[in-house]
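Below is one structure, written out as structure tokens; the observations come after it.
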Amino acid sequence: MKKAGSTIQTLYPNIIHLTCLAHACHNVCEEVRAYYKNVDQLISEMKKTFLKCPKRIAVLKEKRPELPNPPRPIITRWGTWINAVKYYCTNFNELKSIIEEFEEESECVRAAKRLFKMPSIQSNLVYIVSNFGFLPDTITKLETRGVLLSKSVDIVNNIQIKLEECNGEIAKLILDKFNKVISKNKGWENIKKINQVLIGETTSDDDLSSSILNLDNYLRSEDVYLSKWFAYNYFDFLVDKDNPKMIL
């Protein structure tokens, strides 16, 4: 997308190429997942334990009918891993007792039992939810259509504020990741300057031409749908047909 945006900017100098902010937030979620291998493995093993196994699901419903089925997070579905962490944090003791009652010795059940017994697993779940549990809701807000630009900018700024308030070394690393992701988004600074004008604040930047400032308050700050449309409609234009892996 960045190469495609640079190509279009040569034709339309006033265009602002802003990469997807919801995807940037998802990248932060993936950074959290990378630091907690044991939690990630627990979620994976529990997914295997109950996936396509009506017998185990029946036991879960019999013992704890109020509990929903364990979530099945998918990496490409943004924010689902953090939501799964919330589920296991809330229902940790109930799920642990159910797993311990399984007498079968399948590999996934043995792994789940071992992970539930780890001293640090529950504290890790609590830490993730307490410090990063807001990220999935933030992604949903950024994916919403028809949101004012000022609100979208506030959502992104609030991510940084909340991450700065988090405690622990991991939180500092996650904040660094967020800052790196945002700094690579070349259009973000221009969007913030435009937002200053739209909300009545002054800016000393002379590079913002009147044609750029004459924008709608509903300027899109996310391109989840736009990127898909762009890929489908401009693939032939931007891709070398003799070498499909090379973008012009």
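The values are calculated or read from the model by the stated rules, or taken from the named source; none is laboratory data. A quick note: this is a predicted structure, and the numbers were derived from the prediction, not measured. So basically every Cβ, Gly included, is an ideal-geometry build from the backbone, and we count neighbours across all protein chains shown. Just the protein is used for accessible areas: all its heavy atoms, side chains included, with ligands, DNA and RNA removed. Shrake-Rupley method; radii C 1.70, N 1.55, O 1.52, S 1.80 Å.
Laid out as a table, the results:
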read-out: Listed peptides 130-143, 47-60 by packing density, highest first (mean Cβ within 10 Å); value: 130-143, 47-60
read-out: Whole-percent carbon and sulfur share, accessible surface of the range 1-151, 1.4 Å; value: 52
read-out: Largest-first ellipsoid semi-axes for the range 128-175, taking √(5λ) over the Cα gyration tensor eigenvalues, angstrom; value: 23, 11, 6
read-out: Å² per residue, accessible surface of the range 75-205 at 1.4 Å; value: 53
read-out: Burial order of peptide ranges 187-197, 101-111 (average beta-carbon count within 10 Å, highest first); value: 187-197, 101-111
read-out: Tensor-based shape of the range 4-124 (alpha-carbon gyration tensor, a/c under 1.5 rounded, otherwise prolate or oblate); value: prolate
